[in-house]
Amino acid sequence: MTRFAIEASNLADANATGVARYTRCLIEALSALELPAADEFELVQVYKAARQPRGAAMALGPRLERRAWRGRIWPLREPRYDLLHVPDERMPPWRMPMVATIHDLYAALRINYTDEARRLRKLRTYATLRDRCARLICVSEHTRQDFLEHVGGDPSRIQVVHLGVDARFRPHAEAETAAVRRRLGIAGPYLFFIGATANKNLARVVEAFASGGAHRDYRLVVAGKLAPAALDAIRSRVTALGLADRVNLLGYVAEADLPALYAGASAFLFPSLYEGYGLPILEAMASATPVLTSDRGACSEVAAGHAVIADPQDVAALAAGVDAALAMSPARRAAACAHAATKTWERTARETLAVWRDVVSAR
């Protein structure tokens, strides 16, 4: 039976990142696939031994195993897998066919990097993955084109597999969201924003919220653990605009609370300056919440015509976009929800498995 390994150390992180969410959802969807006996496979989650105390955080399900790795330590023999998948930048030093996922090109585009040494290390990782992997999976066509432009490689070995939306993201009745809203101190109708990095464009969102009419009828609810300096700057600006009682800065929000926050919002604001994919766009759509996003990065590709699109650097355009999202018709909201429903993790898992099988058969 074919044995695949996936590097899953990021599942042991206390606060899940977007890549960790991708890793868990992909593993769980692969585990749950219904396949004929002839196509069965084994999937091993491998993680660095330093993460051993949180090894219990690994995904659970059929055809899943988990094992720690310590690198190539002579005279121990390296494990025998038919293929290793790297969803992050951690790469066990094993000599076997490898596939990696490319989520974005932040480092190549000088986005969200203030440490130049760290940025250069990431660039070297891009090049290593390009040279080492039998195939690369990009999460969007936009990311694929960015990779080819800034890193290079054989276009035939770089494939696009879109991400899926977890079934937890769905329309909720008001009673389903009430407990989360009470616990987080959210009173009345609100606009929802999620993100903590510079590209998410929070400062302009706050300005647009203040300059338009939305602040009179809605609160702005912000999820995401901002860096201390960024948090101080946003708090100061919110106070200067006279909106201290209209903006909720929640900080890090547990994943279990996100479905209710999306579904309870009157609109979701995601005018990012750059996204390799932009999964929150689909999560909001799946929750039947209208979306305002941007014309940068992969946002338009992911929205596929079902969101309000605005120039993320134009505050007046963003304010008008907020109004347009709030006025989105029920028919257009339903179409957006139906579009999100086509983006399943099962589909992502099957397309990823097809890439793995193609690599193995090519040997």
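Things worth noting here:
- For segment 286-297, the Karplus equation 6.51 cos²θ - 1.76 cosθ + 1.60, evaluated at θ = phi - 60°, returns couplings of 4, 8, 6, 9, x, 10, 10, 9, 10, 9, 10, x Hz by residue, with Gly and Pro reported as x.
- Distribution of pairwise C-alpha distances over segment 97-174, 5 Å bins, in %: 3, 14, 24, 19, 14, 9, 6, 5, 3, 2, 0
- Note on the chain: with a GNM built from Cα contacts shorter than 10 Å, the maximum mean-square fluctuation among A198, A223, A256 falls on A256.
- Across segment 156-173, rounded Karplus estimates of 3J(HN,Hα) from the backbone phi angles (6.51 cos²θ - 1.76 cosθ + 1.60, θ = phi - 60°) give 5, 9, 10, 10, 9, 10, 5, 7, x, 10, 5, 5, 5, 8, 7, x, 10, 6 Hz, Gly and Pro being marked x.
- Across every direction, the projection of the convex hull enclosing the Cα atoms of segment 55-214 has a mean area of 14.9 nm².
- In the elastic network of the chain, a GNM with C-alpha springs shorter than 10 Å, the most mobile of G278, G18, G164 is G18.
- Using Cβ point charges alone (K and R +1, D and E -1), the dipole size of segment 209-363 about the Cα centre works out to roughly 180 debye.
- Fluctuation leader among A240, A68, A49 - the chain, Gaussian network, Cα springs under 10 angstrom: A240
- Rg/Rh ratio calculated on Cα atoms of the chain (Kirkwood radius): 0.98
- Built amide H within the under 5 Å cut-off of Y190, gap 5+: R219, S266
- Histogram of C-alpha separations across segment 174-341, 5 Å bin width, %: 2, 9, 19, 23, 23, 16, 6, 1, 0
- With K and R counted +1 and D and E -1, the other residues having a Cβ less than 13 Å from that of Y274 yield a net charge of -2.
- Phi to ³J(HN,Hα) by Karplus 6.51 cos²θ - 1.76 cosθ + 1.60 over segment 174-189, Hz, x for Gly, Pro: 4, 4, 6, 8, 4, 5, 5, 5, 5, 5, 8, x, 9, 10, x, x
- Take 20-29, 283-292 and order them by the average number of nearby Cβ atoms within 10 Å per residue, most first; the result is 283-292, 20-29.
Any read-out appearing in this document is the output of simple, stated calculations on the displayed coordinates, not a laboratory observation. Since this is a predicted model, take the numbers as computed values, not measurements. We place every Cβ from the backbone using ideal geometry, glycine too, and count neighbours over all the protein chains shown.
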